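Below: the structure, in structure tokens.
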Amino acid sequence: MDQPLVNRVANSGLITLKLEEFFPTQELAIFDLKDYLFMEMILKEKDFRQALKEHNWEQYQDKILLVYCSADAIIPVWAYMLVATYAAPYAHDIFQGTADDFYRSYFLRQLDQLDTEQYRDQRLVIKGCSDHPVPPAAYLEITRKLQPLVKSIMYGEPCSTVPVYKQPRK
């Protein structure tokens with residue numbers, strides 16, 4: 001009983017990968033085309049062009065602008081193109097879709113650039129809970145990318161993990 005406490009988690013050699021660290025730092029802003037539809041059904045080109053000229057584009061300065069239509073309407077492709085031309089001088093980035101669509105795409109792009117070689121033959125814990133919305137697609141993608149390289153993948157916290165993958169013995 002006189003033996004000192006040993007932090008087995010710290011001594012385990014586990015590497016914790018926190019997907020929330022890939023989260024974008026820029027604020028998201030929304031441009032909903034529904035607000036420019038006639039009777040929430042039709043986009044009139046002349047009225048739309050005028051509304052875009054009068055719109056305050058500076059409010060999107062350094063933000064990620066999400067452009068979509070929340071109404072069930074057919075939006076011509078050129079409408080998205082027009083919004084992009086007006087927003088481009090101000091927005092950090094412009095994305096066609098909702099916040100969920102954006103986060104999925106953003107995380108997949110970030111993970112595509114990840115140097116996976118640093119994790120070769122390692123035992124990984126992919127951190128679960130986070131302060132930011134990490135889409136399930138990011139967890140799937142990180143597993144797909146790392147499985148051929150690592151000894152094991154676990155999900156959760158180092159003190160309480162769910163085994164996901166273990167390299168077969170050779």
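Here are a few things to note about the model shown:
- Note on the chain: dipole from Cβ charges, positive end direction compared against Ala79, Leu149, Leu28; the farthest Cα belongs to Leu149.
- Over the chain, the Kirkwood radius and the radius of gyration, each from Cα atoms, give a ratio Rg/Rh of 1.18.
- Distance between the 7 Å Cα→Cβ label points at Ala137 and Thr16: 2.8 nm.
- Taken along its three principal axes, the alpha carbon spread of the stretch 28-91 comes to 31, 21, 17 Å, from the longest extent down to the shortest.
- Scanning the chain for GluC sites (Glu not before Pro) lying in DSSP loops with no more than 13 further Cβ atoms inside 10 Å, the longest uninterrupted stretch between such sites is 41-170.
- Among Lys18, Lys46, the order by Cβ neighbours within 10 angstrom, fewest to most, reads Lys46, Lys18.
- Shown is the FRET efficiency for Asp47 and Ala88, computed with R0 = 22 Å from the Cβ-Cβ distance and rounded to the nearest 0.05: 0.50.
- Here's the list of lysines a cross-link from Lys53 could span, going by alpha-carbon distance under 20 Å and ignoring same-chain residues fewer than 8 apart: Lys34, Lys44, Lys63.
- Exposure proxy ranking for Arg123, Arg109, Arg169, based on other Cβ atoms within 10 angstrom of each Cβ and starting from the fewest, stands as Arg169, Arg109, Arg123.
- Dimensionless Rg/Rh of the stretch 97-161 - Kirkwood Rh, Rg from C-alpha atoms: 0.99
Only the coordinates and a few stated rules stand behind these numbers; no lab work does. Since the structure is predicted, the reported quantities are computational estimates derived from the model, not experimental observations. Cβ atoms come from the backbone with ideal geometry, glycine included; neighbour counts cover every protein chain shown.
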